[in-house]
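Chemist: Got a structure here, written out as structure tokens. Questions coming.
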Amino acid sequence: MGSRRYLLRKIVQAIGTLVFVLTFNFFLFRVMPSDPVQLLARSQRLSRADVAELQSNLGLDKPMIEQYVVYMGNTVTGEFGVGLQSAVPVTELIGSRLWPTILLVGTATFFSTAFGILIGIKGGWRRGSTFDTSSLMGSLVLYSMPEGWLGMILLIVFAGTLGWFPAGGYSSGGDLTGFAHITDVLNHLFLPMLTLTLGYIGEYAIFMRSSLLEVKEEDFILTARAKGLRDKSVRRYHAVPNALLPTFTLVFYSLGFVLGGSIIVETVYSWPGLGQLTYQAIQELDYPLIQGIFLLFSSAVIFFNLLADLLYGHIDPRIREA
Amino acid sequence: MTMTPTAPPQQPPPPEPIPPIKIKGQRSIAWTRRKLALKRFWAVYRRNAMGMAGLIILVIIVVLALIAPLIVDPTDLDPALAQGIPFSPPSTEHFLGTDNFGRDVFAMVIFGARISLLVGLAATLVTMVIGAGVGIYGGYYGGRIDSVLNAFTNWFLVIPWIALAIVLTSLLGPSLFNIIMVIGITSWAGTARLVRAQALSVRERPYVERSNALGASNWHMITRHILPNVFPVIFANTVLTVALSILSETTLALLGLGDPNSISWGTIINESFEAGALSAGYWWWLIPPGIAIVLVTLSFTMCGFALDEVMNPRLRKR
């Protein structure tokens, strides 16, 4: 069974990557120019006794191997230490911010993918048409735009000058419940989501377009036309499904970039998600928190890559043979 | 970022009248061949509207960056020496207004081009050296080294660059040199994969085998056969990487991880954001550096797409 071996190989690869990330993280904070305690001392005032105490608390006086085993054990059990600024466990800090980010990144990914693919299909199928040229140019401009800056411009225009949307936050607070609460959150969600959507729509449109252009040259398209199928059917049943395959993977692979974009967009819109937390952690040099976020982002991306590989192998059996 | 530019119907290059070649030796033959190849390449490239538009914008920006001190007074950039009134909107005296120190925003944007281009180009160089090194080494030598390098490449492909870049920059400290290295270290993996695939395929070609049979050294094989064949494949990728590197620098700067001692477009935006440009409406401080980033990234991207169309008409099978 080729497919079971494929499945197993991909899972083993993902675990390998995860172990690499964990090990990398471990050594990064120990082998780098300064050790963790000095890093803490950089962001806080510490006396010499404090440093010694911290060193033994963090287990830095033990042999490297032992430290590594303890670190791996802690990571597996979700023990990331305590945030420097708030003295709240990192896991808790991250947990409380998870949902807004999932909401924002999820909706933005959905809309940018959906519209990007539609634009790519429309342009690629009528290559050189006015729509194609203008959408390609628009996609390139959006692709070249830093999301954070785009977010600031949209904020000034739509929240500041026009006043159509709230300038930031997750909700207006107060005691809205049920439907009113949902519309309130959606109202706050709109601008940051629009920013992230616009930031990635160009990439998906360009990718879908070139993928479709490639498929159009395939023999089976010629065959479909020779059978006498209408143009629309050729596109819908033969070209688009095949062109979708690589785009599908790109959506999963881009997750890391979308997460990166969400850091600044969330900060601009004071959206209380992981991105804003990351920004604060950077400003305050809160290393345990930065480490925790690094691990979370990496594992999320590794997981979604694995998912993409597995789904892709399922949709396109040719991949499993490779 | 994975992006495959599109393939146009490849027009055959126009029939070139072959100039009489005066052969003066081996070197001369090679140079004549290269000059001809360059001419042919230019003949195809200049007919690509997108590529030419990108190139023209790019040349203008590079020239502006080079002659920056002739256009604006560098003392305008020093917070202690700046003459303007802080936060003043555009006027005849300050074409794009001033920032919180009374510095001229126009002068900052013009000088910012230097840092942004420097970071973009230098980070790309780092990316290419690591990527091409790892790719060629693995692809050419194969075996166990290749498996290890390949696994390493795959790891770096998956780790989200932003997370790694944040960790590294905040650990090392945000100097210009560190930022360049961090961007290079976080973005070489895609190039390595591309180069490895090409090196693997070139290695199997008959003339390489012949060269090997004639006793060519590894160094000769790599520099004379593998590299020249890898180059066309990664050239377009290199130009696209410059665009990505400039965007990466901007992202880091917007996160507050820009070099505090130099003015790049990203740090200008970050400073205006930190100074409350959004609520106070200092649009003249926020908008110009962003437009500059879009222009330079767009021009590199357009050139990269055009180069890909010109150089690799068949290589888009991915």
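Chemist: Determine the sum of side-chain charges near B:Ala253: Lys and Arg each +1, Asp and Glu each -1, restricted to other residues whose C-beta is under 12 angstrom from that of B:Ala253. All intermediate terms of the calculation are to be shown ahead of the outcome.
Modeler: On the way: positive: none; negative: B:Glu249, B:Asp259, B:Glu271, B:Glu274.
So the environment of B:Ala253 carries a net charge of -4.
Chemist: What does the charge add up to near B:Ile179, with Lys and Arg as +1, Asp and Glu as -1, over the other residues with Cβ less than 10 Å from its Cβ?
Modeler: Within the 10 Å Cβ shell, the charges total -2.
Chemist: Please give the average number of partner chain Cβ atoms lying within 10 Å of the Cβ of each residue in A:281-287, rounded to a whole number. Intermediate values should be presented prior to the final figure.
Modeler: Details: counts 2, 9, 5, 0, 2, 1, 3.
Neighbouring Cβ atoms belonging to other protein chains average 3 per residue here.
Chemist: Sort the following peptides by mean Cβ neighbour count (other Cβ atoms within 10 Å, averaged over residues), highest first: B:259-267, A:147-155. It would help to have the intermediate numbers written out before the result.
Modeler: On the way: B:259-267: 22.8, A:147-155: 24.3.
The most tightly packed comes first, giving A:147-155, B:259-267.
Chemist: Would you kindly derive the ³J(HN,Hα) couplings of segment B:195-202 from the backbone phi angles with the Karplus curve 6.51 cos²θ - 1.76 cosθ + 1.60 (θ = phi - 60°), listing them in order in whole Hz, with x for Gly and Pro?
Modeler: 5, 4, 4, 5, 4, 4, 6, 5
Chemist: Taking θ as phi - 60°, what are the ³J(HN,Hα) couplings along segment B:151-167 by the Karplus curve (6.51, -1.76, 1.60), each to the nearest whole Hz, with x for Gly and Pro?
Modeler: 4, 4, 4, 5, 4, 5, 5, 8, 4, x, 4, 5, 5, 5, 5, 4, 4
Chemist: Just from its helices, what would the mean residue ellipticity at 222 nm be for chain B, if runs of 4 or more DSSP H residues each count -39500 (n - 2.57) and the sum is divided by every residue, rounded to the nearest 500 deg cm²/dmol? List each step's numbers first, then the result.
Modeler: On the way: 13 runs with 213 residues, N = 318.
After summing the helix terms and dividing by the residues of chain B, the value is -22500 deg cm²/dmol.
Chemist: I've got another one for you. For a footprinting-style exposure proxy, rank B:Leu172, B:Leu244 by other Cβ within 10 Å, fewest first.
Modeler: B:Leu172, B:Leu244
Chemist: Order of B:Asp76, A:Asp184 from fewest to most other C-beta atoms within 10 Å? Display every interim value, and only then the final one.
Modeler: Values: B:Asp76 21, A:Asp184 17.
Least crowded to most crowded, the residues run A:Asp184, B:Asp76.
Chemist: Residue by residue through segment A:135-144, what is 3J(HN,Hα) from phi via Karplus (6.51 cos²θ - 1.76 cosθ + 1.60, θ = phi - 60°)? Round to whole Hz and write x for glycine and proline.
Modeler: So the Karplus estimates, Gly and Pro as x, are 5, 5, 4, x, 4, 5, 5, 5, 5, 7 Hz.
Chemist: What does the structure give for A:288-299 when I average, per residue, the other chain Cβ atoms found within 10 Å of the residue Cβ? Numbers along the way, then the final one.
Modeler: Details: counts 0, 0, 5, 1, 0, 3, 8, 2, 1, 7, 7, 0.
Taking all residues of A:288-299 together, the mean is 3.
Chemist: In addition: If you fit an axis through the alpha-carbon atoms of helix A:178-216 and take the longest principal axis of the Cα set of chain A, what angle between them do you get, 0 to 90°, nearest 10?
Modeler: The angle comes out near 60 degrees.
Chemist: Going by alpha carbons, how many degrees (0 to 90, nearest 10) lie between the helix axis of A:274-283 and the longest principal axis of chain A?
Modeler: 50
Chemist: Right, something else. So how do B:Thr186, A:Thr133, A:Thr177 line up by other beta-carbon neighbours within 10 Å, fewest first?
Modeler: Working: B:Thr186 23, A:Thr133 14, A:Thr177 8.
Least crowded to most crowded, the residues run A:Thr177, A:Thr133, B:Thr186.
Chemist: A further question on this structure: Around B:Thr98, which amide H atoms from residues at least 5 apart in sequence, or from another chain, sit under 5 Å from its own amide H, with H modelled in the peptide plane?
Modeler: For B:Thr98, the qualifying residues are B:Phe87, B:Ser88, B:Val105.
Chemist: Taking each residue in A:262-270, count the Cβ atoms of any other chain within 10 Å of its Cβ, then average. What number comes out? List each step's numbers first, then the result.
Modeler: Working: counts 1, 6, 9, 0, 0, 4, 3, 1, 0.
The mean count of partner-chain Cβ atoms within 10 Å per residue comes to 3.
Chemist: Can you tell me, using C-alpha contacts under 8 Å and at least 6 residues apart, the relative contact order of segment A:98-285 as a whole percent?
Modeler: On the way: 233 pairs, mean separation 64.3, N = 188.
Rounded, it is 34 percent for segment A:98-285.
Chemist: Mind listing which trypsin sites (Lys or Arg not before Pro) in segment A:106-144 are in a DSSP loop and have 15 or fewer other Cβ atoms within 10 Å? Show your work: numbers first, answer last.
Modeler: Numbers: sites: A:Lys122, A:Arg126, A:Arg127; in loops: A:Arg126, A:Arg127.
Answer by residue number: A:Arg126.
Chemist: If amide H atoms are built 1.01 Å from N in the plane of the peptide, which residues on other chains or at least 5 residues away come under 5 Å of the amide H of A:Val82?
Modeler: Under 5 Å from the amide H of A:Val82: A:Val90.
Chemist: Follow-up question, since we're still on this one. Which of rounded, prolate or oblate describes chain B when judged by the alpha-carbon gyration tensor and an a/c cut-off of 1.5?
Modeler: prolate
Chemist: A:Leu8 to A:Glu79: extension gain in nm, 0.36 nm per residue of separation minus the Cα-Cα distance?
Modeler: Details: separation 71, 0.36 × 71 = 25.56 nm, distance 2.84 nm.
Full extension of this stretch gives 22.7 nm more.
Taken together, the values in this text are just the output of simple stated rules run on the coordinates, not laboratory data. What you are looking at is a predicted structure, and each value in this text was computed from that prediction instead of being measured. Cβ: placed from backbone, ideal geometry, glycine included. Neighbour counts: every protein chain shown.
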